[in-house]
Amino acid sequence: MFTHTALLQETDHLKRFALRLTQNISDAEDLLQATLLRALEKKHLFIKGSNLFSWTSRMMYNLFVSGYRRKVKFESQYDPEPVLQQQKVPPVQDIKMEVLEVDEAMRTLSDQHKEILIMICVKEMPYAEVAKILNIPVGTVRSRLSRARQSLSDAMSNHNNNYKMAA
């Protein structure tokens with residue numbers, strides 16, 4: 001028979017069941033509260049002569065499963081916290097130093113090499129378009145680019161070697 005007194009008597013059993021389901025005291029208390037509230041809301045559906053603990057524990061289990069499914073579906077899929085914790089932000093000073101090194105190395109290059117590197121590597125223009133703008137064959141664009149990259153690489157190596165010697 002469903003009475004408020006009978007429901008209160010089942011509270012300890014329900015709390016232990018909730019703790020087994022959730023493995024967490026705080027979540028178990030929340031689940032117990034939700035179950036008791038649901039039982040009071042649905043008391044008109046209780047069949048006289050049936051076991052009150054079985055009826056309420058079934059409610060608790062269903063609430064737990066629904067909550068778990070909701071958590072898996074939404075929190076793990078759309079909760080940004082785990083993703084944010086896994087992301088790493090590279091130190092900004094390293095990037096700034098690399099940009100300064102490249103800038104210094106670019107200053108040592110000829111105007112032809114600077115121009116070809118900027119058009120192809122920075123602006124990402126196709127070789128044919130660069131050839132048309134500079135009024136030179138595509139093969140010349142490729143060879144200038146190759147020499148420009150080599151010159152930049154050499155300048156960067158020289159800069160790094162000079163830096164190491166100074167340190």
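Of all the criteria given as (1) at pLDDT 90 or above; (2) of a type in the set (D, E, K, R); (3) under 30 Å from the mean Cα position of the chain (by Cα), the one not satisfied by ARG69 is (1). Considering (1) open to solvent by 30 Å² or more (accessible area, probe 1.4 Å); (2) free of Cβ contacts under 8 Å to residues at least 24 places away in the same chain; (3) under 28 Å from GLU101 (Cα atoms); (4) among the hydrophobic types (A, V, I, L, M, F, W, C), the lone condition that ALA128 does not fulfil carries the number (3). Note on segment 77-98: among residues that are over 15 Å from the mean Cα position of the chain (by Cα) and not aliphatic (A, V, I, L, M), the one that is modelled with the lowest pLDDT is PRO90.
Each residue in segment 31-66 was checked for being open to solvent by less than 50 Å² (accessible area, probe 1.4 Å) and in contact (Cβ under 8 Å) with a residue 24 or more places away in the chain, and 13 of them qualify. Restricting attention to segment 101-115, does a residue exist that is over 18 Å from ASN158 (Cα atoms), surrounded by 12 or more Cβ atoms within 10 Å (Cβ to Cβ) and either without any contact (Cβ under 8 Å) to a residue 60 or more places away in the chain or of a type in the set (Phe, Trp, Tyr) (or both)? Checking segment 101-115: at least one residue is over 18 Å from ASN158 (Cα atoms), surrounded by 12 or more Cβ atoms within 10 Å (Cβ to Cβ) and either without any contact (Cβ under 8 Å) to a residue 60 or more places away in the chain or of a type in the set (Phe, Trp, Tyr) (or both). Looking only at segment 27-47, residues that are under 19 Å from SER66 (Cα atoms) and assigned to a loop (DSSP other than H, G, I, E, B) come to 1 in all.
The values are calculated or read from the model by the stated rules, or taken from the named source; none is laboratory data. Everything numeric here is computed off the predicted structure, so don't read it as measured data. Counting neighbours? That spans all protein chains shown, and the Cβs are built from the backbone with ideal geometry, glycine included. Protein only, heavy atoms only, side chains kept; ligands, DNA and RNA dropped before computing areas. Shrake-Rupley method; radii C 1.70, N 1.55, O 1.52, S 1.80 Å.
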